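Okay, structure first, notes after.
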Amino acid sequence: MAYHPLDQRSAAQYLKRAGLFPKAAAMTVTEIGDGNINMVFRVQDKHNGHSVILKHAFPYVRCVGESWPLSLDRIRIEADALEIQDRHVPALVPKVLHRNNEMALVVMEDLGRMEVMRKGMNKLRKYPRFADHISTFMANVLFFTSDLFLPAREKKALSGRFDNPLCGITEDLIFTEPYFDCARNNVNPALRPYCERVFWRKSNLRLEASKLKEKFLTQGQCLIHGDLHTGSILANATETKVFDTEFAFVGPAAFDPGLLVGNLFINFLALDGKEFTQAQKSSYQRYVLESVREIYHLFELKFRKNWDDHSKEPAFAVAGFQDYYLRQMFADTLGFAAAEMIRRTHGLAHNIDVDEIQDLERRRDVQVSILETAEEIMLRRGRFRRMDEVVAVVGHRGRSTGIKRSRKSRN
Ligand code: SR1
Ligand code: MG
């Protein structure tokens, strides 16, 4: 079937033709996507409540429009990545029910019983199983798709399958554009003076971003999710599912933990500007920082165990190599976390955690706090030894934790 863009009516017809719904089904189709890139439909049979999620690409970036064309191959890549992740962490990703590369669509199980984690976190929801689940997701997918486990030729073939057209978006939006007054940046007018007088003059940060960009471009270590923020995770009290794998490619292992940690730090710092009571904010901030500590601790533990139990390459069993690899991965995780915090503050795509703060000056205060914290993490990333030390730095910058911080250099 030749590609044509689907709307709500033709999406329902497509699913009937593909045999996913009976001909007599009474379908309701709702566009539920709040992502930047693709269309997402929830399709339900009113007779019995059965529903699926259909993700579909248009040949351009959804949030910008036809002026920003983008290859349809991204859906093939998304479905391939989901299928590979399903082999390593079957309980932690949505099941693929149907896919059609030509039509640039993938149909998945409907996980409507769960909530996008970012939305839950902004309502102070806690997820008691999350640290365990997400550390397993990262430790298994990142290890079992790397050269630490796969025979070299198999790993090279994997890299070839994931020539992802979306990488260019990450390269520009994370590592380049936030470091100058780029037209595509989305700058809170109240933050602009700080960007112009302070942030965009920091050539040392621009240099660190370039080092990270080079790693992102060249370090094909394993199959990464590529956009592992809390908006790409569904969660509830007992389950976690990672979705939205459209940015997957063979890249640096530290990128996924970095983006996740960066987004959790943003959530933590954003709370300072919100309307909750002081007690609510302090309690949730402690929960977020404890989660970061636990996630990274469990991730390292599980990654090391996978390595000890499953790596067959003698060169990787040489004493000291595993420690060397994990030290580097930790420093890079912090670098990517800081870069993510920066780009979500005044780059093209923001986080609702911060942008739901309506008062622009109050939002600016939070944004400056994020930028200053990111700067400290970025510049010190090679000297931190453990996540506890980083968490302590971030904790000191959060006002709701009861610790005052300097307001100089505001703008
Ligand atoms: C134009 S795409 C902007 C951002 O949305 C996605 O979630 C990725 O993070 C991307 O960088
Ligand atoms: Mg996404």
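The values are calculated or read from the model by the stated rules, or taken from the named source; none is laboratory data. Only a predicted model underlies this, so the values are computations on that prediction, with no experimental measurement involved. Neighbour counts run over all protein chains shown; Cβ positions are idealised from the backbone, glycine included. In case anyone asks, the SASA skips ligands and DNA or RNA and just uses the protein heavy atoms, side chains included. Shrake-Rupley method; radii C 1.70, N 1.55, O 1.52, S 1.80 Å.
Below are the figures for this structure:
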| item | result |
| --- | --- |
| Residue pairs meeting the criteria (Cβ under 7 Å; at least 6 apart or on separate chains; first closer than 18 Å to Ala79 by Cα and small (Gly, Ala, Ser), in region 20-44; second within 16 Å of ligand 1 (Cβ to nearest atom) and in a loop (DSSP other than H, G, I, E, B)) | Gly35/Asp244 |
| Identity of the residue in region 245-254, open to solvent by less than 10 Å² (accessible area, probe 1.4 Å) and in contact with a Gly (Cβ under 7 Å, 6 or more places away or on another chain), that ends up farthest from ligand 1 (Cβ to nearest atom) | Gly251 |
| Contacts under 8 angstrom Cβ, first residue in region 74-100 being over 17 Å from Leu142 (Cβ atoms), partner of a type in the set (Ser, Thr, Tyr) and not in a helix (DSSP H, G or I), 6 or more apart | Ile77/Thr245; Glu78/Thr245 |
| Options Asp80, Asp34, Asp45; residue that is within 24 Å of Asp163 (Cβ to Cβ) and either loosely packed, with under 15 Cβ neighbours inside 10 Å or away from ligand 2 (no atom under 16 Å from the Cβ) (or both) | Asp80 |
| Any hit, region 266-284, residues being within 16 Å of ligand 1 (Cβ to nearest atom) and assigned by TED's automatic domain parsing to the domain that holds Met387 | yes |
| Test: residue in region 56-65 that is under 25 Å from the mean Cα position of the chain (by Cα), of a type in the set (Gly, Ala, Ser), assigned to a strand (DSSP E or B) and in the same structural domain as Ala104 (by TED's automatic domain parsing) | yes |
| Single condition Leu260 does not satisfy, out of (1) touching a residue at least 60 places away in the same chain (Cβ under 8 Å); (2) away from ligand 2 (no atom under 15 Å from the Cβ) | (2) |
| Complete set of residues in region 1-10 that are over 21 Å from Thr245 (Cα atoms) and open to solvent by less than 40 Å² (accessible area, probe 1.4 Å) | Ser10 |
| Boolean, Ala152 is assigned by TED's automatic domain parsing to the domain that holds Gly19 and more than 16 Å from Arg344 (Cα to Cα) | no |
| So Gly347, is it within 20 Å of the chain's Cα centre (by Cα) and either outside the structural domain of Leu260 (by TED's automatic domain parsing) or not hydrophobic (A, V, I, L, M, F, W, C) (or both) | yes |
| Some residue of region 363-371 being closer than 19 Å to Gly258 by Cβ, surrounded by fewer than 22 Cβ atoms within 10 Å (Cβ to Cβ) and among the charged types (D, E, K, R) | no |
| Test: residue in region 178-185 that is over 24 Å from the mean Cα position of the chain (by Cα) and more than 30 Å from Asn164 (Cα to Cα) | no |
| Test for Val89: is it at pLDDT 95 or above, touching a Phe, Trp or Tyr at 6+ places or on another chain (Cβ under 7 Å) and outside the structural domain of Asn185 (by TED's automatic domain parsing) | yes |
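Here's the yes/no breakdown for (1) farther than 23 Å from Thr345 by Cβ; (2) surrounded by 12 or more Cβ atoms within 10 Å (Cβ to Cβ); (3) within 21 Å of the chain's Cα centre (by Cα):
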position: Asn263; (1), (2), (3): no, yes, yes
position: Ile266; (1), (2), (3): no, yes, yes
position: Gly273; (1), (2), (3): no, yes, no
position: Ser291; (1), (2), (3): no, yes, yes
position: Glu294; (1), (2), (3): yes, yes, yes
position: Trp307; (1), (2), (3): yes, yes, no
position: Ala315; (1), (2), (3): yes, no, no
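Yes or no, residue by residue, for (1) closer than 23 Å to Ile266 by Cβ; (2) more than 15 Å from ligand 1 (Cβ to nearest atom):
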residue	(1), (2)
Asn164	no, no
Tyr179	yes, yes
Cys182	yes, no
Pro193	yes, yes
Ser210	yes, yes
Phe216	yes, no
Gln221	no, yes
